[in-house]
Every structure is written in C-alpha cells, then in structure tokens.
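The values are calculated or read from the model by the stated rules, or taken from the named source; none is laboratory data. All figures in this text were calculated on a predicted structure; none of them were measured in a lab. Cβ coordinates were reconstructed from backbone atoms using ideal geometry, including for glycine residues, and neighbour counts include every protein chain displayed. What goes into the accessible areas is simple: the full protein's heavy atoms, side chains included, and nothing from ligands, DNA or RNA. Shrake-Rupley method; radii C 1.70, N 1.55, O 1.52, S 1.80 Å.
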Amino acid sequence: MGTQTSYFLVSSHFIGEGCCEVFILSTPPREREQAMSSTLDEYCGSTFWNDSYLDRPDPDLPVCLEQTVLVWIPLGFLWVCAPWQLPPLFSPKQRGVRNSKLYLVKQALACLLLLTSAIGLIITLLEDYSDFRDPTPETLNPLVLYVNPSIYAATWLMVLLVHESRKRANDKNSPYLFVFWLLSVLCGVFTLQTLIRLAIREGSPPDLPRFSLFCISYCLQWISFIVSCISDVSSEVKAAAKKNPQLSASFLSEITFHWFSSMMLKGYRKPLEAKHLWELNDVDKTQTICTKFERHMMQGLKEAQRKMEGKRNKEIHKETEQMNGFSRSTSQDILVMEEKTRKDKKKKPEKLKATPTVPVGWLVLSMLKNYRHILIKGVIFKLLHDTLMFVNPQLLKLMVSFTEDMSVYQWMGYLYAVLLFVVALFQSLLLQQYFQCCFLLGMRVRTAITAAVYKKALTISNTARKESTMGEIVNLMAVDAQRFNDVTNFIHLLWSAPLQILVGVVFLWQELGPSVLAGLAIMILLIPINGVLMSKIKDLQMSNMKHKDQRMKLMNEILNGIKVMKFYAWEPSFAEQIFGIREKELKVMKKSFYLLAVAIFVVTCTPFMVTLTSFGVYLTVDPNNILDAEKAFTSISLFNILRFPLMMLPMVISSMVQAGVSCKRLEAFLGSENLNMSAIQQDPSCGTLDSAITFTEATFSWNRNETPTIKNVTLNIKPGKLVAVVGPVGSGKTSLISALLGEMENIKGFINIKGSFAYVPQQAWIQNNTLQDNILFGLEWEESRYQKVLEACALLPDLELLPAGDQTEIGEKGINLSGGQKQRVSLARAVYSDSDIIVLDDPLSAVDAHVGKHIFEKVIGPNGLLKNKSVSFLLSVNVVTEEDLTLGVDQDSQVDVDPGEAITLSLKRENSERARSRKWSKSSIRVSLKKAQRDKNLVSQKEGQVEMVKGQKLIEKETMETGKVKFSIYWKYLRAIGWWYSLLIILSYITQNVATIGQNLWLSDWTNDASHYINTTYPASERDQRLGIFGVLGVAQAVFVLLGVFLMAGGTIVASRDLHSHLLQNILHVPMLFFDTTPTGRIINRFSKDIYTIDETIPVSFRSWLSCFFGVLGTLAVICLATPYFTIVIVPLVVVYYFIQIFYVVTSRQLRRLDSVTRSPIYSHFSETILGLPVIRAYRHQARFLADNERIINENQKCVFAWIISNRWLAIRLEFLGNLVVFFAALFAVISRGSLDSGLVGLSISYALNVTQALNWLVRQTSELETNIVAVERVSEYTELDNEAPWTTDHQPEKSWPNKGEIKFLDYKVRYRPELDLVLHGITCEIQPNEKVGIVGRTGAGKSSLANCLFRILESAGGKILIDGVDISTIGLHDLRQKLSIIPQDPVLFSGTIYMNLDPFSRHTDEEMWRSLELAHLKQYVANLPDKLQHEVSEGGENLSVGQRQLLCLARALLRKSKILVLDEATAAIDLETDDLIQTTIRKEFTDCTVLIIAHRLHTILDCTRVMVLDAGRIIEFDSPLKLLQIQGYFYNMAKDAGITEAGATAL
C-alpha cells in the first residue's frame, strides 16, 4: 500500500507534532475533539475524520476511522465478554470429551486467521527494517500497521481459548462469539468497499500484499461466522436432541426459533398428537419448578406467620396494658373508665375480626424471589426494546425532512430507509426474547401453583379442608393459577409503561414545547378515572368468583350424585338452582363488561384528546406556530408509542386486581394448617413391648371447636390380635379409625403404632385404572401372591365376568363394578400390601353372606392371609360371631371396650342371631368358586397386552377435533350472540376505523398549510376549523368503540347464557352410560375452563380481532394511497403472510386443543385424590401420587411450552414481514420524493411503523380466536350428545298410576353398553301387587341391574316391563321415576339443608318431614341439632356418618310413599339393631306397596312373600323362602353359609 502510505504521511505533516500539546491543554470540547483527532491522524498516518467525506453524492468513510473504530468495536466486544467465557478452562479437564469435526474446523480457521495477522506484522517489519525497505519515503509505516496485526493475533488466540472452553463446558455455540463474528464481518464491509474503490480508481490494488491478506482474512471471518451459526454439541446431547431439538439449537436458531420449524412442518402436514410433542427442558419440568418454588414458599410462609404472630401478640399485650391501666385508675375516673371499657368490649370483636387468621402477602414475595433471574432477564430485553422504540420517530422526522428538503443527497434517504429496517429488526428480536421470558415465567408460575395446591390438598387438615369445597379447590387450579399466568405475561409493563410515557413526553416537549403539558394534564386526569373503574371491576370480580365457586361446587355434587338424581327425577330442581346462581354470575359479569367498556372508551379517547389538546394549545399560544408535517407526524408517531402503554396499563392493573383476588384465595388455602400427625407416634419403645397399637387418654374431634367424638380412650392392642369394634349408627366407630389414621384433630393424649398401615374404608375408593393396578396400588406384581389374594377375596369369578379380566379398566369411583366387587377390590388392595396393621372399616357390608363367609375364612380368620398380621379392625361386621373373635388368637384374647357402652349389647345380639348355626360349611363357599379355580389359568397376567379385548377400555380417550375449526362453530357462536347484535358490532368497528383513517388524512392535509402560510399569520378561522374537525373525528372513534364494546358485552352475555343453558340441560338429559364412561374431571372442565373461556376470553379475543383486522386493512389502504408503488410489493407480502399464518394457525390450534385435552386429567386426578385422601394417607402413598400429578402436569406442560414457542416462531417471521413493509414504504417514499408531499410521506411511514405490531396482533388474535372458539366447539360437542328418553311424553299415565303395584318382566334383556354382552338374559316373571320380593345372588349376578331397569337407567335390549299393565318404555322417564321410590346402595346427599335433601321441590309439609324422620329413626338426632331441618349438610354429606346418610335416604322414600319401593342393599351400612327397626318400619309403612329388596343379609328377606335368586343375569329360583329351603338348591346353600336353617326361617 505504497500510495496509501505516502498519502498517510502527507496528511500527518499537515497537522504537525507541536500542535497536539496545545490542543490537549485547551479546555473547550471542540478543541479536545480536534486534539484527539490529530493524535489518531498521527497514529494512522492519515486523516481520522473530515466532513467532506459525507458531503457528496457518493459518501465514504476515512481509512483511519476504518483502521481504528471499526476494528476496535468487534475486538473490544470479545475482550469485554471473555471473563464469562473462560472459567471452564480452569476446571479439571473432563475425560472422554472428544473433539468434533466442527470444533476442529473452528480451531483451524482461528489458526489461519492468526497466521494472516502474523504475516501482516512481518510485512510491516520487512518494509521498515529490512533490505526490502522502500528508500523513497522519509518516515516509517504508521503505528496502526504494527498495533492492528498484534491485537488481531491476540484476539485469534483468545478465540482459540474460547473454543476450547466451550468444548469443556459441553456447551452449544457461544452467543458472544456469534455476535463477535457478526460485528467483524459488518465492520469489514466498509474497509472492503474502500479497498475496492481504490483498486478501481488506481486500476490495480494499491498495496497488493496487504490487499490480498485482507481479502483472505475477511473470507476466513465470513466462514467462521457461518460456522458459528451451526451448533457444536456432543453425541450425548445430539441423542437427547431427538426428543428436544432445543438442546442442540445454535444461537441464531434460538433467537429466530428456527429449531421449532420441524414441529410447525409436522403440524402442517398432519394434526399433532400428544406423542409428537418434544420433551421439556429440565428447567421447565414440574419437579424442578416445584422444588425451587416450594423452598421459597415455605421460607415466605414461615416469615409471614412469624410477623402475624408478632402482630397478634402486640395487640394482646396492648389490650392487657390498657386493662392494667384501668385497674390503677383513681376513684373519680371509675365511671369514665367503665364506660370506656364497655365501648372497648364492643369494639373488640371488630378488632379481632380485622386481624387476619392466615398469613397474607407472602405468596407474591416468594414468587419474586424464586423467579428473580428470569424477571431481570425480561427487564433487560424490555429496556433495550423500549430504547430502540424511540429511535423510530426520530428517523421518521429525518425522513420527512428529507422529502421536504430537495438539497439533501439521495443516499441519505436510502440510509434512513435501511436504518428504519435495521432498528425495527433489532426491536423484533429483543421483543420476542422479552415475550418468551414473560410467557415461560407465566407457564412456570401456573405449574408451581397447580402443583402446590395439589400437594397442599394431600397434607391439609380436615378442619381447613372443610373451609374449601371441591369446586373451590378445582377453581384454585383452573382459574386462579391461570390468572397468575395471565398477569406475569405483562408484569413488566408496570414499570415499562410509565417509563415509556415519561420518555415520550420528553421527546414531545422537543417538538411542541410546553404545549405538551396540556396533553400530559389530560393523561394524569384520566388515571384516577381508570383507577376508580378498575377498583369497581375488582369488587365485581371478587363477588363473581364466589358465584363461580358456588356453581362449580353444586355442579360437582350433581355429577357425583347423578344416579340418585335420576332415580328421584330431581334434575329440574337442581337445574333451577344452577340457573339461579348462573343468572347472578351473568348479572355481575354484565356490570363488569359495561365498566370495562367505559374504561376502553377512556383509553381510546386519551391519545386523540392528548393530541388535540397539545396541537390546540401549540397553535393557540403563538399565532406564528404552524403545524408542519415534520412536527405533526413525529408527534403522532410518539403519541402512537404512548397509545400502547396507555391502553395496556389499565388492562395490566385489571389483571393485577384479578390476580390480587386470586392471591388472597391461594394464600388462604396454601397457608391453612396441615394435618397434625404429632399425636400419632411410631415409637417402638412406647407402651408395652408386645403392643401393636396403644391409645393413651386419646381425645379427638373432627373440628377443634366441636365436641370431641372420641373421648379419653385408653386401649392396648397386642400384635396378631383380631379386634372388632361394634356399635349403633353414629356411635363413633369410623371416628375411632380416623383418629388412628391421623385424620382427626387431637385434643389431648396420643396414639402409638408399630408397623405399616393398610386401610379398607367403609365406602370403597376405586381409581380410574385397571383392576390389577387398583389391587397392586403402586407395588411390584408378584404372580403367586397376587393369585392368592384374588382367590382369598373371591375375585376370580368376577374376572370371568369382566371383559378383559384384571386388565379391564375400572371407571371413576368404580362405576362399572357392583358395590360388593368394589369392596372386595379395596380389600384385595389391603391384603396385597402385606402391611403390619390392617384396618377394615365395615368391609363385608356390601358382599353376599356366603362370599363374606369365604372372605372371613380366607382373609380375616385364623387360617386367612392376615393371620400373622399385627391387628385387624372390623367395624360392625355382619358375619362375625363371638367365637370368630377368638379363632385366630390365644384363649386369653380380649376385646377392649368401655364396659357401659352399647356396643357389647350389639355384639351379643348379633351373636345370638348367628348362634343357631355355629358350624361353617367350609366346602359350600367353594361351590361358587369351583369354576373360577378351574379356569384360573385363563386370567391373563401378561403385562403390556397389546390387543385390546372388547369392553376392556371403559373410559374412552377424550375426543378432540382436528384440522380447522369448522365455520359452523363460529356460526353457532354468532347465532348465540344474535344476528342484530353481530351486525351492529361489525358496523360500529368499521365506522370507528373509517373515523380513524379520516382523522389521519385530515391531519396529513392539515400539515400542508405550513407551505401555504410560510410568511403570513395563520388565520384563526382556518385553525379552528382544522382543530374542530380533527376533534369531531376523534370523538366519533371513541363513541363507536364504546358502542361496539357495549353491544359486544350484551351479545356475549346472551351467548354465554345460551351455551351454558344448553350444556347443562343436555348433560342432565344424557343417559347414565355417558357418566359411566366419562371422567367427572372431563365434564367439570367443560363447566369451568370452557365456560370461563366463553364468558371472559372469547369476548376479548373477538373484540381485539375485529379491531386488528380493520386496523390492518386501513393501514395498507393508507400506505397504498400515499405511495402507489407499494402495491407492487403488497401482493407478494400478502401471499407470504398468508402462508405463514396458515402454517402457524394449523399447529397453534391443535396445540391449544391438546392443552385442553391434557388439562382435564389434572382435574380428574385431583378429584380422585381428594375422594381417596384417607386411603392415600393411610398407605403413606403421598409421594407416589405427587409423582403421578407431576407426570400429568408435564404432559400438559409440553403442549403449553410448544404453544408459547409457536407464538414466538410466528411473531419473529411476521415482524420481519412488517419490517419489510416499513422498509419498502420508506424506500418508495425516497424513490418518489419529487412527486410526494411530506404530509403523505409522514402518514405512510408512521402507519407502516405500526403495521408490524398490527400484523402480529392480527395473526395472534386470529389464532387466539380460533383457539378460544374451541371452547364453543367442546361445549357444543356435549350439547349434541345422545339423550335418554324424554322426561315427559304425550302418552302420560293416569295420576293414580300405579294404583296396584303389579310388575311384569316379559323376556327382558339388557346390556350396559352396545359392545358388551347381556347382563340380564331374558328375565320373565310376574310380581303381584303388595308382594315383598327379596332378590339375592352372588355379586355381579345382576341384582342392581334389575333395579336400574325398573327406573330405565338401563334401557331394554329386548322384551319389556309392565307396571299395572303400562309398558314403561312408552311413558316419560320422569312420569315413571316420580312414581317409584328407591333407597340406593350408595347413600348420596347434597350440600344444603336436611329439608332440601328430603324434598328439593318443597312438595311436603314440615309435619310430613318429621313423621318420615321419626319412622327412619332420625327424629331425635335432627331434633337435637341447633337448626333442626335447616341444618346444613356438608358436601357429599361428610358431616354425617354413612349410617345416618342411609337413614336419610330411607326418610326420602318414606316421604314419597310410592306404590313400588326398591331397596338396593339399603341397610348395608347400618348396625343389626337399627336394621331390624327399619325392616319393621318397612313392613308396617309399606304394607300396601310392592317392595323389592336386594340384600346381602339373608335374614332381612326371610319374611318376604317370595325370593328371586339370580345368577349371571338369569332367574334360577323364584319362590317363597320356605319352599326354596326345602328344595335345597342355590338359595339353600347361601342360607346354610349364612347360618340360617329351615327351622330358623320358619320361626322368623
């Protein structure tokens, strides 16, 4: 570079050496700049800066600037970042880390670059100090030619070290290196173009060696940059990346979300399924999230509890001091003090009320601590984005100025266009990273809350649990966790929005001066208005949450008791209750929507009012002020920036308000007390050495404030003992067990146990799983042990009846098993667990006598599977005799009871009844099991059976639509809103957008006034006209928005009411088959999440979509109007946009559907867990259920994560398109600047700057709307389910029907589901009026099915039933069911009063109520209650014992006094004494009724007119009990097993 060097030398001589000192000593900034410049001139040997370089049509940069600043930028960046890259170098080297090919390529490139630097330095040295030195120049090469190669060589060495460091860290590509290479190639472009220019000017390269070296080095840098875009990961990571491609994504792929493209492609080609989704990153897995969150949560909770205790103690101390002060008062003050004391006493309850009972304010702080890193990351991205956002108006100002001033060079316009594009591009990248941080944070917060609520539910005390119903807890997971998710998405706007407003005002001040304060005053004035509106909305939200909870609680109960509701034909009453709550909910929602409409109106008014006020004041204060395009559109651009924070701030505050409500609810639940297990000790040294369970003065209560149920019990139970606890209904038998399991509140004393627990509850708890999994209950499968348990629990015959044996799926709550089967599965679970202590709560109440005998012999008795176990508790068992109690233990065994209690009497009575036949027929039970024993090998125990047996799968996979949401769904929603509403809403949005465009065009025309009135005064009339029309168009916008939102509120409320009404009506009309095969959680999801979406999310999506759609159309129209050339690019852009949108919507929609489908199991599993809580706690299986919950949440998390990334994938591509729109709008404005006025250019580009956001929001809202409309699709799916027969028909029976009670079965056949075999095979029989018919048979014989057929719960598959000559299939279901009565096997009660549970339609008088309670032996109990008939029954009747619930069901039947009564094992949960009283009542009260009694206790049906014996769905015997005993058939064997003889039966 000889020529260039001589040029450097010439320029350096111009400056001179002495001058430098003078300039450095000078103080003015300008002189210091010159001094610095001269130093750099000398350093480079050429001019560092001269304005003339840019002041020409073809600009260039000085060589010195290129050799210094453009070299230092990339190198400085790398050296600053090096400390964060090198630490792995100093850690011990990992063995087995192989060098990848990519790593070797990178190192080779760095070595080559190092070589080029070394060669450059050598060339300089040779030129200056070798024989090759050119003697012509007098001076040496400038210093830069020594320094640059040296610092480059050091940098390439640093690059080598960074590569090695990254390899040792087993990390992906370094983002720092990627940025470094990018900066290097960008800065190198300027040097390259300078060298090429010089070469063209000179005809050949001026300094061939350095020119060649630079070209080689620049090529190597480009190759290094390309290589840095490729991820370099180990083989292990590559293997893991097949399940999660993000693990191997490069930095470029990460910031553009390119790694997700394969999922988008897969989703486009075929509908996505759950199996297609990738694994989560460790940081996003539920277990990781929960572990971290729980640590901070516990710390926060303890701190809050400590503060609350301190505050409470301080208040108590203060009150004590006041009282002491009173006692020391002088005598004359006594009267005054007494008065004050009285006042204080009045105030005290209020004060105590105000003190919080649970810690508050800790949850949000815990979250902030836990997620501080991702929050800080979000702050950085948002801050950088917001900074760049304010660059655009300044560039717009320059662009408008460029179009006005024709003397400015053309290249300046192109530079502005490029800068607009580059700034917008960086904005997009930063914004998407910010959004990813926010949405991932939201997802993690939601997961943490959901998992925390589930975990709390496993440990919560019974007292605290009663404060929250199932519906409320489900809402905590479904609604409140979602609200936290929503608020975290925009949490940064709390600081960002005020900051944007502040910066915007500063820039506006520069444009409009103090006039902007008028606009600012308007903004400040409107803030309190928004505050008041949001406060009102908050109050409404709080009250509405109560209605939602109430509705969900009742809905949960309806679904749990749906069978009983159908038996009693109570659906209309409960539907009316739900509709009543729903109306209250919608009323509050309507108020909330109207307030929101006013808030939106205020927000819409704000920008134009601020603009109008600012422009008006600006023009009024000085007649010389004229609004030109530069001022107007820069101001408008700034006002547009302000519009977003002004619009979002109230919404964020609203979300914060909602989240605040949710926060209080969550804090109340998560901060409530846990189950206190301290009274249940497991101390081997406690008590006597040979005691398994020791009660020491144990006093327990269900609630601390209630009377203890267990009082001062002292018991010592030895290992290996069999103990029976008996007593009348409500005497505390189950409470004793609950105390032992730690389920009750300890008042005093303790219980010590030695060994593990197994528990069989009174009401069997069955999981929605295979029968085998229900028995194994998380344990490993051992064939021999498993077969022994099946045989002992008499389950082998049942396996023959089930479609797929033990691989048959059991429905929720064991819906496809009979009561006896459920109880035996529950028992089998306990036996298989091989625990030390087995607790059995009335285990044989639901099984037949002969099966009970078999179970006692094989499981509980002296030779049973439990013979060596520590202790077995049996509560009010029906087959135990006094002799039985001592069979399995030594002669000195004892039953520990309080001497004076009635349970001994109960036991004696039970024994005396059984005393007639002490000998057990050990062979008789085996009669019914012979076939099962013989075919035992048929029971398949192969794990992982692939082939599904018909009927094996009960719970069908949740149906999920695929592909595009049908237009009919939108049509259905619009029809639900109403056509007039829909039309008026669309018209109001169109008009609003027309007003907006009109206002902006008016402003564009207004700015041209500046050129008309250059040196003259602006006429006041003209000014007023301009301001007036501008204001009118602004008001028109706001008014039409208000109108649109008001109409939307009205229409969507109508739609919500309509859709919920249809859903509820249809759910109540569907047959029982649907409830048998559908988990409750799935139905609950429709009523909670989907209805919430229809109520609150769809209206917002619909409103936003309309606004965005017309906004985008308006933007494109304005740009095309301003720059007609733009129409050339609009077509390809629209095509690309369309394809990206189609690509995205297909996948996004499917991901949201998957989200809904995978969310249902979370609620189903939760509901199931709550119902089985005592069992799970007894078995100590909390950890396993927590793990199951984490697995289920993870499945849902995969969908949510994929959806979040799909949004970012779309946004980055759409924003790139939007940035192109900005670029082309600016480019065409530059090209045609001669023919355009500045007003239109300003308008065009300011609109283009908004199009990026508008396009993004349009696709997002299109997807959101389509995603949310899926809720309508899901609700519609349940409104179109096949219904059972009509409740009423035209063919109504007479009012007096049935007046006789005659029942005829004619060849009656029935099956549970179409694909299953018959359960009743051609039943033909005739039951005479007033007959009492006992129905018996082993479990699963079809006894309950026969009762279900009578009520048409199961519809006929052939034949018919006649009641008093009327074919029941020809009349309405309610006409039939209201005329029959049933006391069902499971006593179901609903939350409400005792009165409501007996008579929900209020058809009977109080006297009739008390009469029925008296006959059911409950009158005394109810009369002793404080509220009598108005006593509140808790959810599921939990505050009554099972026996009391069964007696209430009996009272219902007595109240109805129907001609036909069915008792389906109605006295299974009642002691024998009460059972006898009830049997007497039934004989007396139903003498003129036909009674069908399904019973396990054979002595209860021995006085029946006839007995029907069923087996495998066929009648095998049907005659009087005596005749059946005489023929010694099937019934005789059953009676013999139950200890009943012919003589005994005759005596009875």
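With +1 on each Lys and Arg Cβ and -1 on each Asp and Glu Cβ, and nothing else charged, work out how big the dipole of the range 1193-1301 is about its Cα centre, in Debye to the nearest 20. Could the numbers behind the result be given before it?
Working: 8 positive and 12 negative charges, 122 e Å.
Rounded to the nearest 20 debye, it is 580 debye.
Counting other Cβ atoms within 10 Å of each Cβ, which GluC sites (Glu not before Pro) in the range 1213-1319 have at most 15 and sit in a DSSP loop?
Glu1280, Glu1294, Glu1315
Could you check how much of the accessible area of the chain is carbon and sulfur, as a whole percent, using a 1.4 Å probe?
Of all accessible area on the chain, carbon and sulfur atoms account for 60 percent.
Taking 7 Å along the Cα-to-C-beta vector as the label spot, tell me the Val364-Arg704 distance in nanometres, rounded to one decimal.
Distance between the two pseudo-spin positions: 2.8 nm.
5 Å is the cut-off here: which amide hydrogens, built 1.01 Å from N in the peptide plane, fall below it relative to Glu1517, excluding neighbours closer than 5 in sequence?
Here the answer is Val1509, since their amide H atoms fall under 5 Å of that of Glu1517.
What is the calculated FRET efficiency for Ile1130 to Thr620, with r their C-beta to C-beta distance and R₀ = 56 Å, to the nearest 0.05? Walk me through the numbers before you get to the answer.
Details: r = 40 Å, r/R0 = 0.72.
Calculated transfer efficiency: 0.90.
Of Lys536/Lys584; Lys584/Lys972; Lys318/Lys664; Lys292/Lys456; Lys1309/Lys1536, which pairs sit farther than 19 Å apart, going by alpha carbon to alpha carbon? Display every interim value, and only then the final one.
On the way: Lys536/Lys584 17 Å; Lys584/Lys972 25 Å; Lys318/Lys664 28 Å; Lys292/Lys456 16 Å; Lys1309/Lys1536 31 Å.
Cα-Cα > 19 Å for Lys584/Lys972; Lys318/Lys664; Lys1309/Lys1536; rest within.
Between the range 1314-1363 and the range 1098-1123, what is the C-alpha centre distance in whole Å?
Centre-to-centre (Cα) distance: 65 Å.
In nanometres, what is the gap between the two model label sites at Lys748 and Thr1289, each 7 Å from Cα along Cα-to-Cβ?
6.8
Toward the positive end of the charge dipole of the chain, about the Cα centre and with charges on Cβ (Lys, Arg +1; Asp, Glu -1), which of Ile737, Ala976, Asn1194 goes farthest?
Of the listed residues, the answer is Ile737.
To the nearest 10 degrees, how steeply does helix 1442-1456 sit against the main Cα axis of the chain, on a 0 to 90 scale?
70
Can you pull out the GluC sites (Glu not before Pro) in the range 534-612 whose DSSP state is coil and whose Cβ has at most 16 other Cβ atoms within 10 Å?
Values: sites: Glu557, Glu576, Glu583, Glu585; in loops: none.
The qualifying sites: there are none.
DSSP loop (so not H, G, I, E, B), at most 12 other Cβ within 10 Å: list which GluC sites (Glu not before Pro) in the range 698-748 pass both filters. Could the numbers behind the result be given before it?
Working: sites: Glu706, Glu743, Glu745; in loops: Glu706, Glu743.
In loop regions of the range 698-748 (DSSP not H, G, I, E or B), the sparsely surrounded GluC sites (Glu not before Pro) are Glu706.
Considering the values (i) 254; (ii) 265; (iii) 299, which represents volume of the Cα convex hull per residue in Å³ as calculated for the structure under consideration?
Label (ii) holds the value from this structure.
What is the magnitude of the charge dipole of the range 1036-1115 about its Cα centre, with +1 placed on the Cβ of each Lys and Arg, -1 on the Cβ of each Asp and Glu, and no other charges, expressed in debye to the nearest 20?
Working: 5 positive and 5 negative charges, 15 e Å.
Roughly 80 debye for the range 1036-1115.
Pull up the DSSP beta bridges for the chain and report the antiparallel fraction as a percent, rounded to 5.
About 50 percent, rounded to the nearest 5.
Taking only Cα atoms, what is the 0 to 90° angle, nearest 10, from helix 819-832's long axis to the longest principal axis of the chain?
It is inclined by approximately 70 degrees.
On a 0 to 90° scale, report how tilted helix 410-459 is relative to the longest principal axis of the chain, with both axes built from alpha carbons and the result rounded to the nearest 10.
Compared with the principal axis, the helix lies near 20 degrees.
Using unit Cβ charges (K, R positive; D, E negative) and no other charged atoms, how large, in debye to the nearest 20, is the dipole of the chain about its Cα centre? Show your work: numbers first, answer last.
On the way: 159 positive and 155 negative charges, 536 e Å.
Using Cβ point charges on Lys, Arg, Asp and Glu, the chain gives about 2580 debye.
Once Lys and Arg get +1 and Asp and Glu get -1 on their Cβ, which of Tyr1163, Asn1207, Val1135 lies farthest toward the positive end of the dipole of the range 1102-1235?
Highest projection toward the positive end goes to Tyr1163.
Could you give the accessible area per residue of the chain, probe 1.4 Å, as a whole number in Å²? If you can, show how the numbers build up before the last one.
Details: 65280 Å² over 1548 residues.
Here the per-residue accessible area is 42 Å².
Do the sum for the chain: with -39,500 (n - 2.57) for every DSSP H run of n ≥ 4, divided by all residues, what is the mean residue ellipticity at 222 nm, to the nearest 500 deg cm²/dmol?
Working: 57 runs with 959 residues, N = 1548.
It comes out at -20500 deg cm²/dmol, rounded to the nearest 500.
How far apart, in nm, are two points set 7 Å out from the Cα along the Cα-to-Cβ line at Gln287 and at Ala1423?
6.1
Among Met542, Asn1066, Ile1501, whose Cα lies farthest out toward the positive end of the dipole of the chain, if unit charges sit on the beta carbon of Lys, Arg (+1) and Asp, Glu (-1)?
Ranked along the dipole, the leading option is Ile1501.
What is the set of long-range amide H partners of Val1462 at a cut-off below 5 Å, with H atoms built 1.01 Å from backbone N?
Excluding prolines and chain starts, which carry no amide H, the hits are Ser1381, Ile1382, Ile1383, Leu1492.
At a Förster radius of 60 Å, what calculated FRET efficiency corresponds to the Cβ-Cβ distance of Ser573 and Ser784, to the nearest 0.05?
Values: r = 53 Å, r/R0 = 0.89.
It comes to 0.65.
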